[in-house]
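Peer 1: Let me give you the structure first, and then I'll get to my questions.
The values are calculated or read from the model by the stated rules, or taken from the named source; none is laboratory data. Predicted model, so just to flag it, every value in this text is computed and none were measured. So basically every Cβ, Gly included, is an ideal-geometry build from the backbone, and we count neighbours across all protein chains shown. In case anyone asks, the SASA skips ligands and DNA or RNA and just uses the protein heavy atoms, side chains included. Shrake-Rupley method; radii C 1.70, N 1.55, O 1.52, S 1.80 Å.
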Amino acid sequence: MSEQLLLKVRGLRAEIDGKEILNGIDLDIRPGEVHAIMGPNGSGKSTFSAVLAGNPAYKVTGGTVEFHGKNLLELSPEDRSHEGLFLSFQYPVEIPGVSMVNFMRAAVNAKRKYFNEPALSAGDFLKLMRRKRAIVELDNKLASRSVNEGFSGGEKKRNEIFQMAVLEPRLSILDETDSGLDIDALRVVAGGVNQLKTADNSTIVITHYQRLLDYIRPDFVHVLYKGRIVRTGGPELALELEEKGYDWLKQL
Amino acid sequence: MNNPLQQYIDLYTGNPDMVQGNHGGALNQARDKALERLLEARRLPDRSDEGYAKTSVAEMFAPDYGINLQRHPVTVDLASSFHCGVPNLSTLMAVVAVDRFAPTRTLQQNLPQGVVVCSLAEGVRRYPGIADRYYNSLASRRGNAATDLNTLFTQDGVMIYVPDGVRLEKAIQIVQLFQGDSPRLAFRRILLVAGKDSRVAVLKCDHSHPDSADFLSSEVIEVIASEGSEVQFYDLEESAAATRRMSQMFARQDAGSKLTVAAATLFNGTTRNEFRIDCTGDHTATRLSGMAIGSRSQHIDNSSEVVHRGQHGHSDQLFKYVLDDEARGAFEGSIEVAEGSRFVEAYQSNRNVLASTGARMHTKPQLLIYNDDVKCSHGATTGQLDDRALFYMQTRGIPLDEARRMLMQAFMVDVVDTIALEPLRDRLRHMVERRFASADHLCDASCRQAE
């Protein structure tokens with residue numbers, strides 16, 4: 001079975017500014033699976049996604065992460081992206097002066113270069129953009145604007161899923177993608193994620209609430225608490241959490 | 001170091017005839033006064049002088065450079081050396097080889113009636129009415145010993161005159177070159193007179209060959225923007241590490257005039273740029289901007305002063321620096337609003353990015369306001385590239401180096417946008433991109449641009 005694992009996390013520990021946040025995480029993800037990671041604020045959900053993506057602010061102090069057989073932790077953030085990891089940010093960063101078009105062209109061509117493919121022609125690139133924009137109904141006028149600058153909350157999240165659509169990752173991590181979204185935007189964003197779903201790629205949905213899981217159905221639900229996964233179950237676990245809240249964790 | 005000024009005074013007083021040559025007119029008339037003032041000043045500004053804390057003019061002039069006093073002809077091979085073309089921008093071009101004016105054929109053929117773009121030495125003879133009235137008129141009043149030294153030795157330069165009501169369609173381009181194996185000091189001078197309600201755009205490009213000898217450019221630019229005129233002056237420097245440049249611009253704005261000045265230092269050795277703009281009339285509009293991109297041991301020092309003496313003046317200053325490696329940047333800028341100059345709006349902003357731990361930036365913004373009815377602001381920030389943006393870009397697969405370049409380039413976008421000529425704006429944007437892509441060598445960005 002283990003040959004088929006897309007992501008294999010063993011005993012992952014990480015800290016920031018000397019404070020340990022991840023306290024030994026184990027997680028297996030196979031191709032085609034959707035995993036939800038839930039938990040109260042401060043349990044380490046966002047840290048887990050940041051560490052997987054390679055955020056240099058966090059220091060990995062123990063454990064291993066294999067991504068389709070490769071040692072993920074020794075790859076640079078850009079190579080993790082090329083290898084098929086995608087992080088949708090809870091707070092997408094605004095980059096004044098860098099247009100969406102230039103940003104995406106740089107991203108697409110960097111990946112092609114990594115796989116020794118020639119850069120896309122201007123025409124092919126624009127066609128690709130048009131096709132992918134449709135998935136999340138992203139307005140064309142945003143393409144000429146600076147990355148995320150002046151985007152509404154909903155536009156920022158759609159923009160994340162648009163980038164995911166362009167980069168076609170094998171593993172997508174959606175970090176609190178539902179935060180700050182109204183119900184219509186949530187439907188569009190979740191719809192985009194579902195359209196991109198295949199039998200080969202996998203998704204980690206990090207969320208505080210059950211709400212998003214009505215739209216993106218998880219195969220597994222994990223509860224993260226104090227930097228460890230304390231319980232794993234099926235979709236029904238999310239409903240249980242919704243009902244009982246997180247207070248029961250304190251008795252563990 | 002003993003007094004570097006003395007060698008120049010000795011040189012002049014020992015060879016006055018040679019300097020004065022047969023240039024006659026306004027150039028020579030200004031020399032006596034300049035000498036008198038230099039003898040009084042006794043020295044060039046150095047770090048002990050206010051406003052020169054980071055750049056010593058005395059030090060720049062200390063080496064014994066060669067000066068072409070006898071006016072030996074200088075040959076320039078423009079085509080093989082530099083490509084200063086701006087796609088989609090047809091210009092009227094002239095070359096200043098070291099300190100000697102050389103028109104291009106297209107320049108002479110395409111100048112509209114009454115417009116003068118010529119050698120300054122020739123201009124003072126042919127157009128004494130303009131030269132006597134304007135030459136050294138601003139520089140003598142607002143300049144210092146560095147200005148007077150230029151006035152003492154200037155033998156040629158560029159004269160530009162646009163008569164009242166003439167609106168030049170094409171931009172005038174002046175390419176200033178240093179070439180050769182021996183050290184050179186060039187005294188350069190530009191006199192730009194824009195008549196009432198006229199319109200003119202000037203693009204000046206300073207180049208020196210990489211791997212060439214030590215060069216020093218002493219430059220004084222005088223700009224007279226008459227009532228209702230629109231003047232644009234763009235100054236682009238791409239010179240070698242062994243080149244030094246002391247450039248002083250003095251501008252006067254009469255009522256209703258609009259002046260746009262943008263200076264970009266892409267490659268250089270040691271550069272000191274001064275901008276002294278006097279808004280004497282009412283309802284003037286001034287846009288002054290500067291961009292400095294420094295790596296290795298580049299030294300870039302900009303000093304600006306916008307003085308409002310009229311009412312309802314509007315001025316906007318924007319200076320931005322990106323410094324890498326061991327580069328040094330300095331900015332000192334002031335806004336002065338004179339007593340009685342009411343309803344003035346004057347702004348100044350200096351923003352800097354230090355891309356390495358070895359780079360240094362010194363900034364000193366100042367406001368001097370002598371009345372109440374004004375809106376003024378100034379601000380200065382110096383920081384690093386945004387780590388969050390860098391990581392975000394990396395997670396999208398953009399390699400760190402490229403992400404850094406993109407952010408540095410993005411930082412300069414608003415300075416590039418102050419350029420009113422669209423083709424030049426596009427060109428500069430491209431040059432900035434190339435500059436960040438090839439931070440190592442002048443030649444990568446400059447010589448190969450035409451490819």
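Peer 1: Could you compute how fast segment B:296-403 diffuses translationally, taking Rh as the Kirkwood radius over C-alpha pairs and applying Stokes-Einstein at 20 °C with viscosity 1.002 mPa s? Give it in µm² per second.
Peer 2: Here the translational diffusion coefficient equals 136 µm²/s.
Peer 1: Let me ask something else about it. Would you mind estimating how fast segment A:1-54 diffuses translationally, via Stokes-Einstein at 37 °C and 0.692 mPa s with the Kirkwood radius over Cα pairs, in µm²/s?
Peer 2: Rounded to a whole number, D works out at 267 µm²/s.
Peer 1: Let me ask you something else. Summed for both chains, how many Å² of accessible area, to the nearest 100, are buried between B and A with a 1.4 Å probe?
Peer 2: 1800 Å²
Peer 1: How large is ³J(HN,Hα) for each residue in segment A:138-153, as worked out from phi by the Karplus curve 6.51 cos²θ - 1.76 cosθ + 1.60 (θ = phi - 60°), to whole Hz, x for Gly and Pro?
Peer 2: 7, 5, 4, 5, 5, 5, 8, 7, 5, 3, 6, 6, x, 6, 6, x
Peer 1: Pop out the carbon and sulfur fraction of the accessible area of chain A as a percent, whole number, probe 1.4 Å.
Peer 2: The nonpolar share, carbon plus sulfur, comes to 48 percent.
Peer 1: Something else about it: Over chain A, with the other protein chains present, what is the accessible area per residue in square angstrom, probe 1.4 angstrom?
Peer 2: Accessible area per residue, chain A: 45 Å².
Peer 1: Report Rg(Cα)/(2.2 N^0.38 Å) for the protein assembly as shown, keeping two decimals.
Peer 2: 1.17
Peer 1: While we're here: Let me check I have the definition right: for segment B:190-286, take the eigenvalues of the Cα gyration tensor, multiply each by 5, take square roots. What are those semi-axes in whole Å, largest first?
Peer 2: The equivalent ellipsoid of segment B:190-286 has semi-axes of 30, 11, 10 Å.
Peer 1: At q = 0.14, 0.17, 0.20 Å⁻¹, work out log10 I(q)/I(0) for segment B:132-236 with the Debye formula, treating every Cα as an identical point scatterer and leaving solvent out; two decimals please.
Peer 2: Those come out to -0.61, -0.85, -1.06, one per q.
Peer 1: List the residues of segment A:71-92 that lose 40 Å² or more of accessible area once all protein chains are present, compared with their chain alone (1.4 Å probe, heavy atoms only, no ligands or nucleic acids).
Peer 2: Checking the loss per residue gives A:77, A:78, A:89.
Peer 1: Longest span of chain A, sites excluded, free of chymotrypsin sites (Phe, Trp or Tyr not before Pro) in DSSP loop with at most 14 other C-beta atoms within 10 Å?
Peer 2: Of all site-free stretches, the longest is A:1-114.
Peer 1: Using 10 Å bins from zero, what percent of all Cα-Cα pairs in segment B:46-182 falls into each bin?
Peer 2: With 10 Å bins starting at 0, P(r) equals 9, 32, 34, 22, 3.
Peer 1: Continuing with this model, one more query. Could you state the number of Å between the C-alpha centres of segment A:99-148 and segment B:289-319?
Peer 2: Each part reduced to its Cα centre gives a spacing of 37 Å.
Peer 1: If I histogram all Cα-Cα distances within segment A:77-154 using bins 5 Å wide from 0, what percent of pairs lands in each bin?
Peer 2: Bins of 5 Å from zero give 3, 13, 20, 26, 23, 12, 2, 0 percent of pairs.
Peer 1: Now a separate question. Normalised by the empirical 2.2 N^0.38 Å for globular proteins, what value does the Cα Rg of segment B:378-419 take?
Peer 2: Computed over Cα atoms of segment B:378-419, the ratio equals 1.34.
Peer 1: I've got another one for you. At a 1.4 Å probe radius, which order do B:161, B:370 fall into by accessible area, largest first?
Peer 2: B:370, B:161
Peer 1: Okay, moving on. Are there GluC sites (Glu not before Pro) in segment B:1-64 that DSSP puts in a loop and that have at most 10 other Cβ atoms within 10 Å, and which ones?
Peer 2: The qualifying sites are B:50.
Peer 1: Now, a different point. May I ask you to give the solvent-accessible area per residue for chain B, in square angstrom, as obtained with a 1.4 angstrom probe?
Peer 2: Heavy-atom SASA per residue in chain B reads 38 Å².
Peer 1: Over chain A, how many percent of alpha carbon pairs lie in each 10 Å bin up to the one with the longest distance?
Peer 2: 7, 30, 37, 21, 4, 0
Peer 1: A follow-up question, please. Any chance you could check segment B:370-419 for residues losing 50 Å² or more of accessible area when the partner protein chains are in, compared with the chain on its own (1.4 Å probe)?
Peer 2: Going by heavy-atom accessible area, the residues of segment B:370-419 that drop by at least 50 Å² are B:391, B:392, B:394, B:395, B:396, B:397, B:406.
Peer 1: Rolling a 1.4 angstrom probe over the protein chains, ignoring ligands and nucleic acids, what is the accessible area of residue B:308 in square angstrom, nearest 10?
Peer 2: 0 Å²
Peer 1: Dividing the alpha-carbon radius of gyration of chain B by 2.2 N^0.38 Å (N being the number of residues), what value is obtained?
Peer 2: Relative to the rule-of-thumb radius for its length, chain B sits at 0.94.
Peer 1: Output the residues of segment A:101-147 meeting this criterion: accessible area (heavy atoms, 1.4 Å probe) in the chain alone minus accessible area with all protein chains in place is 20 Å² or greater.
Peer 2: Residues losing area: A:103, A:106, A:107, A:110.
Peer 1: So how many Å³ per residue does the convex hull of the Cα atoms of segment B:80-144 work out to?
Peer 2: Dividing the Cα hull volume of segment B:80-144 by its residue count gives 150 Å³.
Peer 1: Jot down the radius of gyration and Dmax of segment A:169-239, Cα atoms only, both in angstrom.
Peer 2: Reported Rg and Dmax, both Å: 12.3, 34.
Peer 1: Heavy-atom accessible area of residue B:100 with all protein chains present, probe 1.4 Å, nearest 10 Å²?
Peer 2: The accessible area comes out at roughly 80 Å².
Peer 1: While we're here: Can you compute the charge dipole magnitude of segment B:224-279 about its Cα centre, using +1 on each Lys and Arg Cβ and -1 on each Asp and Glu Cβ, nothing else charged? Give it in debye, rounded to the nearest 20.
Peer 2: In debye, rounded to 20, segment B:224-279 gives about 240.
Peer 1: Just tell me how shielded A:48-57 is by partners: mean number of partner chain Cβ atoms within 10 Å of each residue's Cβ, no decimals.
Peer 2: If you average over the peptide's residues, the count of other-chain Cβ atoms is 2.
Peer 1: Quick one: with all protein chains in place, what share of the accessible area of segment B:331-420 is carbon or sulfur, to the nearest percent (1.4 Å probe)?
Peer 2: 47 percent
Peer 1: Taking the Cβ of residue A:140 as the center, what net charge do the other residues with Cβ under 10 Å away carry, scoring Lys and Arg +1 and Asp and Glu -1?
Peer 2: Spelling it out: positives minus negatives among the neighbours equals +2.
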